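Participant: Have a look at this one before I ask anything.
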Amino acid sequence: MNKYIKNFLGAFSEDLGIDLGTSKTLICTKKKGVILSEDSVVVINSKTKEIFEFGNIAKKMIGKTPSYLEAIRPLKNGVIADYEVTEKMLRNFYKKTNSKKLISTPRVILCVPAGGTQVEKRAVIEVAREAGAREAYLIEEPIAAAVGMGLDIFDANGYMVVDIGGGTSEITVISLGGVIKASSFRVAGDRIDIAIMEYIRQKYNLAIGEVTSEDIKKAVGCVVEQEEELEIEVSGRSTLNGLPKSIIVVSSELISIMGELTEEIIEEIRAILEMTPPELSSDIKRNGIYLSGGGALIRGLDKKIENAIGTKVHVPDNSRYHVISGIQKVLESFNKYKNVLITTETEY
């Protein structure tokens with residue numbers, strides 16, 4: 001009977017793909033592509049625990065809320081940190097994408113870090129079901145990114161994918177539809193933002209928030225010297241007298257602090273390559289290393305990795321959207337990719 005109920009409900013719902021990230025949540029359908037791109041932020045009423053705002057609007061409220069409101073990022077380091085708030089956020093995203101439908105119980109494919117634990121993966125499936133999904137499937141993030149880049153993951157060929165997100169970076173060697181070697185670690189966009197905040201505080205005696213720090217990273221962040229110096233004016237609170245203050249930050253002064261963090265990524269790439277079977281190492285040397293995620297857009301990162309590893313580094317177009325594009329392709333050819341999906345608790 002459950003099968004018939006699911007089929008009936010499925011007639012009223014469009015299957016969804018979700019990139020549930022620490023910084024951003026993207027939702028797609030197989031026909032329309034990306035239909036929602038929102039910040040993974042929720043503002044809740046600290047007294048009633050009800051959602052006051054979510055998504056992009058909620059992010060604008062970070063650091064500005066009155067005492068009875070609290071801005072929360074319910075995902076930390078690529079995994080669910082606050083189950084209840086994540087479920088509420090996801091439920092609101094569902095409603096936003098299906099506002100005109102009376103009945104909506106979608107089949108959902110969500111991405112998870114390849115290095116995630118069984119408990120973390122189970123939490124993602126359960127939160128999706130609690131939020132209203134009739135079926136929930138998981139796909140490992142680097143697999144989705146590789147599919148989104150157009151790589152043939154089922155080929156007897158080795159590919160290295162380096163996905164640099166908000167909370168975590170993942171380095172993965174893929175062959176024959178599976179992950180051969182993987183490393184998930186917490187040197188990613190959020191860590192860079194924190195390093196920039198600390199640098200600005202120490203050098204300029206200026207306190208800035210995480211949103212301003214992210215703006216600096218996007219506008220002038222780099223890890224190698226640029227042909228033309230970039231600059232941005234930022235404002236914050238002076239740590240000396242508490243008054244508002246503005247400064248100019250230029251790209252060259254961020255090379256050192258951002259470079260130190262990207263060195264950690266390079267060392268992790270080296271470690272994974274050292275553990276990779278020789279035949280796959282040969283493939284990676286021939287095919288190159290593929291960068292994905294928002295962190296792939298850091299100015300000069302590809303060249304820095306290339307010089308350190310001695311292997312060509314590719315940054316395909318739209319690196320921020322590789323994962324969600326891959327999930328869309330999986331929705332389009334579900335039977336082709338079903339063997340790479342995690343479908344039930346017994347499979348992890």
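Participant: Can you compute the charge dipole magnitude of region 211-284 about its Cα centre, using +1 on each Lys and Arg Cβ and -1 on each Asp and Glu Cβ, nothing else charged? Give it in debye, rounded to the nearest 20.
Facilitator: Roughly 560 debye for region 211-284.
Participant: Give the dimensionless ratio obtained when the Cα radius of gyration of the chain is divided by 2.2 N^0.38 Å.
Facilitator: Cα Rg divided by the expected 2.2 N^0.38 Å: 1.03.
Participant: Thinking of region 51-117 as a set of Cα atoms, what percent of all their pairs are more than 14 Å apart?
Facilitator: Of all Cα-Cα pairs in region 51-117, 68 percent lie more than 14 Å apart.
Participant: Right, another one. Could you line up Thr172, Thr97, Thr65 from fewest to most neighbouring Cβ atoms inside 10 Å?
Facilitator: Lowest to highest Cβ neighbour count: Thr65, Thr97, Thr172.
Participant: Output the pairs from Lys24/Lys203; Lys59/Lys217; Lys24/Lys49 with a Cα-Cα distance over 19 Å in this structure; if there are none, say none.
Facilitator: Flagged as over cut-off: Lys24/Lys203; Lys24/Lys49.
Participant: Can you order the peptides 268-274, 319-325, 133-139 by their average number of other Cβ atoms within 10 Å per residue, highest first?
Facilitator: With the highest mean Cβ count within 10 Å placed first, the list reads 319-325, 133-139, 268-274.
Participant: 7 Å from Cα along Cα→Cβ at both Arg201 and Ala219: what's the point-to-point distance in nm?
Facilitator: 2.1
Participant: Rounded to the nearest 500, what is the 222 nm mean residue ellipticity of the chain from helices alone, with -39500 (n - 2.57) per DSSP H run of 4+ residues and division by all residues?
Facilitator: It lands at -11500 deg cm²/dmol.
Participant: Given Cα pairs under 8 Å that are at least 6 residues apart, what percent is the relative contact order of the chain?
Facilitator: This gives 18 percent for the chain.
Participant: Moving to a separate point now. How large is the Kirkwood hydrodynamic radius of region 38-152, counting all unique pairs of alpha carbons, in Å?
Facilitator: When all Cα pairs of region 38-152 are included, the Kirkwood radius is 15.3 Å.
Participant: Okay, next question. Taking amide H atoms as placed 1.01 Å from N in the peptide plane, list the residues 5 or more away in sequence, or in a different chain, whose amide H sits under 5 Å from that of Leu75.
Facilitator: Those qualifying (amide H under 5 Å, at least 5 residues apart or on another chain) are Ala81.
Where a number appears in this text, it was derived from the coordinates with a stated rule and is not lab data. What you are looking at is a predicted structure, and each value in this text was computed from that prediction instead of being measured. For neighbour counting, all protein chains shown are included, and Cβ atoms are generated from backbone atoms with ideal geometry for every residue, glycine included.
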